[in-house]
Each structure stands twice: as C-alpha cells, then as structure tokens.
1. What are the residue pairs meeting all of these: first residue in region B:115-133, first residue within 11 Å of residue B:34 (Cβ to Cβ), second residue in a loop (DSSP other than H, G, I, E, B), Cβ atoms under 6 Å, and 6 or more apart or on different chains?
2. Does residue B:80 count as crowded, with 19+ Cβ neighbours inside 10 Å and either more than 19 Å from residue B:172 (Cα to Cα) or away from DNA strand C (no atom under 13 Å from the Cβ) (or both)?
3. I'd like the full set of residues that are in contact (Cβ under 8 Å) with a residue 40 or more places away in the chain and either touching a helix residue (DSSP H, G or I) at 6+ places or on another chain (Cβ under 7 Å) or more than 16 Å from DNA strand C (Cβ to nearest atom) (or both), limited to region A:33-43.
4. Would you check if residue B:16 is outside any loop (DSSP other than H, G, I, E, B), away from every other protein chain (no Cβ under 14 Å), modelled with pLDDT under 95 and within 14 Å of DNA strand D (Cβ to nearest atom)?
5. Could you grab me the full set of residues in region B:91-130 that are in a loop (DSSP other than H, G, I, E, B) and surrounded by 21 or more Cβ atoms within 10 Å (Cβ to Cβ)?
6. Only one residue in B:175, B:83, B:70 is at pLDDT 95 or above, touching a helix residue (DSSP H, G or I) at 6+ places or on another chain (Cβ under 9 Å) and under 18 Å from residue A:193 (Cα atoms), so which one is that?
7. Residues being within 12 Å of DNA strand C (Cβ to nearest atom), without any contact (Cβ under 8 Å) to a residue 24 or more places away in the chain and surrounded by fewer than 19 Cβ atoms within 10 Å (Cβ to Cβ): count how many of those fall in region A:44-66.
8. Among the residues in region B:94-101, are any within 12 Å of chain A (Cβ to nearest Cβ) and under 19 Å from the mean Cα position of the chain (by Cα)?
DNA sequence: CAAATAATTAAACGATGAATTAATTTAGAT
DNA sequence: ATCTAAATTAATTCATCGTTTAATTATTTG
C-alpha cells in the first residue's frame, strides 16, 4: 500500500505549485553557479543541480533550454556583474607601481570576500586546460586588463619606480599567484596548517608585506 | 563485400602481435599520464587513453584492471618518483630564509622542466575541490614538507632573519603561488602577453627578484 | 464558473562510458 | 609439428547523462 494510496503524502506531485516564488529562476542560477564552482561545469550533471535546487531536471530545460544556455545565463547574470567593479577599479588606479599592486590585492580581496565561488570557478574553468570560461574571462569579463597592468608596470620601470630586475608582464602573473591562487587553495592550506584562524586581514597584510619588501629583513643600508 | 572479405586489409585484426615491445605497459602509463594532465582524471575516458595509445580499451583492462588501478600505477610509477627529489632537496636545505626560498624556487623550476605534465595535473587534481590527488600529494608525495618549511620560516623570523610582517605559513602558500601557479598558467599568459620568448630563466630571475626585494625600487637608506 | 495558460513532475529516448567476456591470433615450449 | 599460454580485438552489459515529451495541477482570465 505504498503506491496505491492517493493521500500517502508523496514528497511532491506534478502540477503547478500554489502561489510560489517568482525568484525560482534566480534560485536555479545560484544552485548552478555553486555546483559549477564546486564540481566543475562539465562534470556536474543537470540532475545534480536540479536535486540541489529541489526540482526536477526538466525545470532547467523549462527555464533555460539546455546546459549551454544555463551556463550562458550564469555568465551574464552572475560572473560578469561580479567582476565589473574590479575592472573599473583597476582601470582608474594610479600609475605608481606600489599603489597599483595594492589596488590589485585589495580589489581581489574584496571580490573574493563577496563572491566566494569565484576562486574555485576560476581555477577549474580558466586555469585548467579546456575550461569553459577562459575565453569568456579574457574576452568579456576583464578584456585588456592584464595588458593594461603590464604596460603601467613597464612605464613605471622606465621611470625608475619599479624594481628593475622584475619583468612587467610576469609581475601581473605574480600578483594573481599571490591573491587568487591563495584564495582558491584556502581549504588546502587551512587544513595543512591547522589554521582556521587565518583571516582575510592577515592574508592581506602578509601579501602586501611580501610585495613591499620581500622575504628578508630590511637591512640594506640600515644603520643598526 | 566489405565484411566478408578475409584478406581485405583491416586496419588491425585481433590476436597477439608479432614480436612487439615489452614496454607497451610503459607506453600506456605515459598515455594515461598525459591525458590525466591535459583533460583530467575523471573527465578522460578509457577509450580516449586507449585510442591515443593505439590500442583498444580492453588493453587497459588487461594490463591494469580498471581505472582506479590504472591511476594507482600512474601515481606509484610516475608521480611519486618525479616528486621524490624535490622532497629530499627541501629537507636538507639550509635554514636561512633567503636560501630556503631560493632552493624552493629552483627545485620547482627543475621538477617542472623535466616533468611538464606536473603543473596542469597539480592544478586539476590537487588544487581543485574533489581532485583525485590531493590526499596522495600530502600523505605520500610530500608529507610534512609544507609544515617543515613553515617551521623553518617561523624559526628564522624569531631569529630576526625573516621579514617580521610575513606569516610563516602563508609564505609557503606564496611560494607555491609564485612557482607552480605561473608554470600551470603559462599557456594563458604566454598568449595574453604574446610572450613565447619568456623562458624559464627569465621566470626564475623575476621570481627571485620579487622575493628578494619586493616591487619597489631599493631605496631604503640608499645614498644616491 | 469555464477555458486557457503557466509551472511542474514523471517517464522515456538516444548517446556515451566503464567494465567484462568471448573469440582470435601469435609466440614460445616440448 | 603441436600444444599451451600470452596478447589483442570485438562485442556485450549496465549505469548515467542530456534532452524531450506527455501528463498533471494550479493560476489567471474572460
């Protein structure tokens, strides 16, 4: 009598729900974004996204059509809006290299703080070969930004305001490696070092100190 | 008459081959390693590995059993041997922080130069959530190494030989972000900066310069 | 209050993947 | 030469995935 009973309290029957939310589409977008970041765009199944959102896979088809268009919606309505402020902030930052690096570090820190899904998504879908967002990132999210930064660093180097032993282009790479990468790896090194307490402020201070003076004690020409 | 013909020159018929190589197992391991690094352990199909190696998927079953044991063989016979030298080198490096960071940077550079598959594999299978090699790396490949480095940095800091504004644990993270990460991202920034010419030597010099003095021009207490 | 429409589930289809089995061909031993 | 064991392919099985369709229920509208 588990199936025949009509009023056996089924978990959910078919049919239009009673006066529900209009923001289910947003809920689906969030579920998809979370799973894309945690499991990977290609690896995650529409079934899993639907299950996390508490609906059937057919709902994703109803709202978005297919997986490619679901991804497109996530890009347009979640990824690009999240990165737009960073881009604007970097574009009108000063030309002094120290101020510029600081603006970058703080900008990444801010974006990551308000969008925790960004670092893992960036690692899997931009850094990894064959990721689904590499072109999107450089063509639509932050087009020209790496080149802009490298040019400013090169100009500062020509003016004698940047460590002459650095490569202006590689400095952009180093900045990403000191900000986005530690954010993405946080679960790993938090566990490895038993360091749940290491918060964003400590990270910020550490990164700025490393960029500012390097590893050693400041004793070049220092008196005592 | 395409199927009935017995001597129709099929691309490859069944049966034991004529006096072939004994190192086919090694060839399969290499094919699997390459595909694991390029496409991902979970994402790559045994069909694709077999096709790249020029055999049928059943050969992988014959030599390794299943996908899990194929991965195990790749770990034991490729990954662990590749990382063993780095581990040894770091364990008996000096305690001076500058020398230690330099040993780390050069060690990673060496390993990456001789094993180009390592950076992408590390990103996808260690850095990414749910990667298949995270436990393996920290439990078997380099157990205790991050903690060892952090302790040495902390000791050096207590002795006044390390920039006091740094966090010894985060410095380990920063080192990885300045070495393995740029290596993994090389295809990206090579294209972004049109910089095919940027070789390992330039990267090494840049990284050591950044770690040694930071971004700014060295003008603390500098006379002229 | 009835008809149309919107939202949702259930079920099914075709494709693909991992794993296994059976058949086939050759190499080496006797 | 013959027999046995090794190496290899072809074919099969079961699970899962993306997608689509049909059925079902609620809401809106005339």
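The values are calculated or read from the model by the stated rules, or taken from the named source; none is laboratory data. The model shown is predicted, which means the values in this text are computed figures rather than measured ones. Cβ placement follows ideal geometry from the backbone for every residue including glycine, while neighbour counts extend to all protein chains displayed.
1. B:120/A:129
2. Details: crowded, with 19+ Cβ neighbours inside 10 Å: no; either more than 19 Å from residue B:172 (Cα to Cα) or away from DNA strand C (no atom under 13 Å from the Cβ) (or both): yes.
No.
3. Answer for region A:33-43, where residues must be in contact (Cβ under 8 Å) with a residue 40 or more places away in the chain and either touching a helix residue (DSSP H, G or I) at 6+ places or on another chain (Cβ under 7 Å) or more than 16 Å from DNA strand C (Cβ to nearest atom) (or both): A:33, A:34, A:36, A:37, A:38, A:40, A:41.
4. Values: outside any loop (DSSP other than H, G, I, E, B): no; away from every other protein chain (no Cβ under 14 Å): yes; modelled with pLDDT under 95: yes; within 14 Å of DNA strand D (Cβ to nearest atom): yes.
Here the answer is no, as residue B:16 does not meet what is asked.
5. B:128, the sole residue that qualifies.
6. Details: B:83 fails: under 18 Å from residue A:193 (Cα atoms); B:70 fails: under 18 Å from residue A:193 (Cα atoms).
On inspection, the qualifying residue turns out to be B:175.
7. The total comes to 9.
8. Residues of region B:94-101 within 12 Å of chain A (Cβ to nearest Cβ): B:96-101.
Those still in the list that are under 19 Å from the mean Cα position of the chain (by Cα) too: B:101.
Yes: region B:94-101 contains one or more residues that are within 12 Å of chain A (Cβ to nearest Cβ) and under 19 Å from the mean Cα position of the chain (by Cα).
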